[in-house]
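Everything on this sheet refers to the single structure shown next.
The values are calculated or read from the model by the stated rules, or taken from the named source; none is laboratory data. It should be emphasised that the depicted structure is a prediction, and the values quoted were computed from it without experimental measurement. A quick note on method: Cβ atoms are made from the backbone with ideal geometry, for glycine too, and the neighbour counts reach across all protein chains shown.
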Amino acid sequence: MSRISDTIPLQASSQSDIDEIENLINSSMQSSTSTVLPARPPSPPRIPVSPSPFIQSNLPPPPAQPQHTTLQKPPSAVPSVPLPPLPPSTGNSSGGNIAPTGFGSLPNTLTEPVWDTVKRDLSRIVSNLKLVVFPNPYREDPGKALRDWDLWGPFFFIVFLGLTLSWSASVKKSEVFAVAFALLAAGAVILTLNVLLLGGQIIFFQSLSLLGYCLFPLDIGALICMLKDNVIIKLIVVFVTLAWSSWAAYPFMSSAVNPRRKALALYPVFLMYVSVGFLIIAID
Amino acid sequence: MDPSQAGALAFYILSALFFNSFVIIFVVTVLLAALDFWVVKNVSGRILVGLRWWNEINDLGESVWKFESLDQESLARMNKKDSWLFWWTLYITAVAWIVLGIFSLIRFQADYCLIVGVCLTLSIANIVGFTKCRKDAKKQFQQFASQTIASRVSSTIQSAFSVV
């Protein structure tokens with residue numbers, strides 16, 4: 001090991017840094033409560049665990065060789081190691097926010113084209129959406145379903161909803177957008193705090209992400225209402241999408257709190273979606 | 001790093017000249033700010049200062065913040081100017097958003113305050129994350145150094161005894 005380190009030329013700092021970072025990722029993934037491992041640990045069997053969404057897909061898990069033969073890490077070396085099932089969904093969010101993003105083996109994510117990163121993010125959003133919103137009889141314990149939370153999805157849905165409402169409004173477009181955005185963002189934060197204060201076990205960002213994803217049916221409803229102006233149709237569409245949103249949010253919220261307090265946690269969620277529904281109907 | 005942070009700020013400041021619609025200003029500024037957050041967090045942080053932070057939810061359902069940094073040898077090789085630039089642009093961006101926020105408060109424009117609020121949250125999140133990461137890296141290195149010294153001392157003692 002030390003011999004290899006001696007031969008690292010000083011100029012190739014980027015490559016060796018990348019190696020080190022990759023080692024750090026791999027070894028830190030193996031220790032449960034790890035924070036930072038400053039030195040290069042001796043190469044344990046490398047399990048390509050992805051901390052966050054980015055890790056999946058085309059990142060080659062480094063084979064168990066000395067770390068500095070990095071130049072021979074082509075993507076084709078990947079398939080030999082089976083990916084552990086740790087992160088249930090593919091892709092990673094961050095962005096958002098905000099989404100916490102992670103890297104897998106850095107050389108590839110650094111040099112990969114932007115389009116690949118975007119595709120990975122999009123696939124994560126889609127998989128999260130499928131987990132949360134669509135009926136899925138094989139869904140595992142709801143509390144664990146949104147492990148790979150990301151805030152990009154909710155961000156897009158909130159902005160889309162605001163844009164749709166603003167578009168349908170004939171006057172005061174900017175106020176409508178601002179109100180919709182602020183209402184949804186503040187509402188999600190307050191609802192999460194509500195659950196936490198009721199003694200529930202939920203993680204702040206996970207619940208924010210969840211409430212954002214459950215807006216998806218209302219997005220569809222708002223889109224339909226924008227295209228068709230009939231009041232009766234609007235009422236029906238809003239009612240259906242409202243029920244769908246509440247149905248989607250119900251298992252996560254209810255599993256997070258004490259059963260006696262379920263109604264206390266769920267009622268505000270329902271109220272928020274109802275108010276968004278009213279906004280959709282009332283816009284002309 | 002610099003272009004993306006400057007882009008969001010510049011767009012916000014100059015947008016009043018070109019766009020009448022608040023909605024477009026809001027959406028584009030917030031999109032640029034979110035993009036910039038991602039770029040700083042993932043790309044600039046790694047390249048300029050060798051730090052990375054993210055959040056995970058482990059099997060027990062707890063949220064764990066993970067930090068990661070290069071080892072001391074590579075950190076020493078990092079360009080001082082790069083890291084100085086990185087930290088300063090981070091702080092200056094946050095200060096710039098605060099100043100813009102004060103302006104919009106003075107003008108009683110609540111909707112612009114919303115934009116500034118969102119962008120400020122993103123910059124502060126990056127600052128906090130990287131600061132914690134750096135502190136953690138220093139702590140880890142100190143621990144590692146003391147461990148290495150301890151193990152070396154004990155192995156020296158053992159070899160001394162074995163010789164005897």
B:Ala16: within 30 Å of A:Leu165 (Cβ to Cβ), at pLDDT below 75, surrounded by fewer than 17 Cβ atoms within 10 Å (Cβ to Cβ) and of a type outside the set (Lys, Arg), yes or no?
yes
May I ask you to list the residues in the range B:109-126 that are free of Cβ contacts under 8 Å to residues at least 40 places away in the same chain and within 8 Å of chain A (Cβ to nearest Cβ)?
B:Ala110
What number of residues in the range A:254-281 are more than 23 Å from A:Phe160 (Cβ to Cβ) and either under 22 Å from the mean Cα position of the chain (by Cα) or surrounded by 18 or more Cβ atoms within 10 Å (Cβ to Cβ) (or both)?
6
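For every residue, the table says whether it meets (1) among the aliphatic types (A, V, I, L, M); (2) farther than 30 Å from A:Arg147 by Cβ; (3) touching a Pro at 6+ places or on another chain (Cβ under 7 Å); (4) modelled with pLDDT of 80 or more.
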residue	(1), (2), (3), (4)
B:Gly50	no, no, no, no
B:Trp53	no, no, no, no
B:Glu73	no, yes, no, no
B:Leu85	yes, yes, no, yes
B:Ala94	yes, yes, no, yes
B:Ile106	yes, yes, no, yes
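Which of the residues belonging to the range A:144-155 are in a helix (DSSP H, G or I), within 17 Å of A:Ser245 (Cα to Cα) and either at pLDDT below 80 or at the interface with chain B (Cβ under 10 Å from one of its Cβ atoms) (or both)? Explain how you work it out, then say what you get.
Step one: of the range A:144-155, the residues in a helix (DSSP H, G or I) are A:144-145, A:152-155.
Imposing the further condition that a residue be within 17 Å of A:Ser245 (Cα to Cα) reduces the set to A:145, A:153-155.
A:Ala145, A:Phe155 - these are the residues of the range A:144-155 that are in a helix (DSSP H, G or I), within 17 Å of A:Ser245 (Cα to Cα) and either at pLDDT below 80 or at the interface with chain B (Cβ under 10 Å from one of its Cβ atoms) (or both).
Mind checking which residues of the range B:1-23 are in contact (Cβ under 8 Å) with a residue 40 or more places away in the chain and either part of a helix (DSSP H, G or I) or hydroxyl-bearing (Ser, Thr, Tyr) (or both)? Give the derivation first.
Keep residues of the range B:1-23 that are in contact (Cβ under 8 Å) with a residue 40 or more places away in the chain, which gives B:1-2, B:5, B:8-9, B:12-13, B:22.
The answer is B:Asp2, B:Gln5, B:Ala8, B:Leu9, B:Tyr12, B:Ile13, B:Phe22.
Only one residue in B:Lys135, B:Lys80 is surrounded by fewer than 17 Cβ atoms within 10 Å (Cβ to Cβ), free of Cβ contacts under 8 Å to residues at least 12 places away in the same chain, within 14 Å of another protein chain (Cβ to nearest Cβ) and under 30 Å from A:Asp148 (Cβ atoms), so which one is that?
Criteria check complete, one pass: B:Lys135.
Being touching a strand residue (DSSP E or B) at 6+ places or on another chain (Cβ under 9 Å) and modelled with pLDDT under 90: is that true of A:Gln201 here?
Numbers: touching a strand residue (DSSP E or B) at 6+ places or on another chain (Cβ under 9 Å): no; modelled with pLDDT under 90: yes.
So A:Gln201 does not fit the description; no.
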Scope the range B:24-60; condition outside any strand (DSSP E or B), more than 11 Å from the chain's Cα centre (by Cα), closer than 15 Å to B:Ala125 by Cβ and facing chain A (nearest Cβ under 7 Å); matching residues:
B:Ala34
Quick check on this structure: which one of B:Ile106, B:Ile149, B:Ile102, B:Ile98 is surrounded by 13 or more Cβ atoms within 10 Å (Cβ to Cβ) and over 14 Å from the mean Cα position of the chain (by Cα)?
B:Ile98
Can you spot a residue in the range B:61-76 that is surrounded by fewer than 18 Cβ atoms within 10 Å (Cβ to Cβ), free of Cβ contacts under 8 Å to residues at least 12 places away in the same chain, part of a strand (DSSP E or B) and not β-branched (Val, Ile, Thr)?
yes
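Out of everything in the range A:162-178 that is in a helix (DSSP H, G or I) and in contact (Cβ under 8 Å) with a residue 60 or more places away in the chain, what residue ends up being surrounded by the fewest Cβ atoms within 10 Å (Cβ to Cβ)? Write out each step before concluding.
Taking the range A:162-178 first, the residues in a helix (DSSP H, G or I) are A:162-168, A:173-178.
From what's left, in contact (Cβ under 8 Å) with a residue 60 or more places away in the chain: A:164-165, A:168, A:176.
Details: A:Thr164: 25, A:Leu165: 23, A:Ser168: 19, A:Val176: 21.
Applying the filter and picking the extreme gives A:Ser168.
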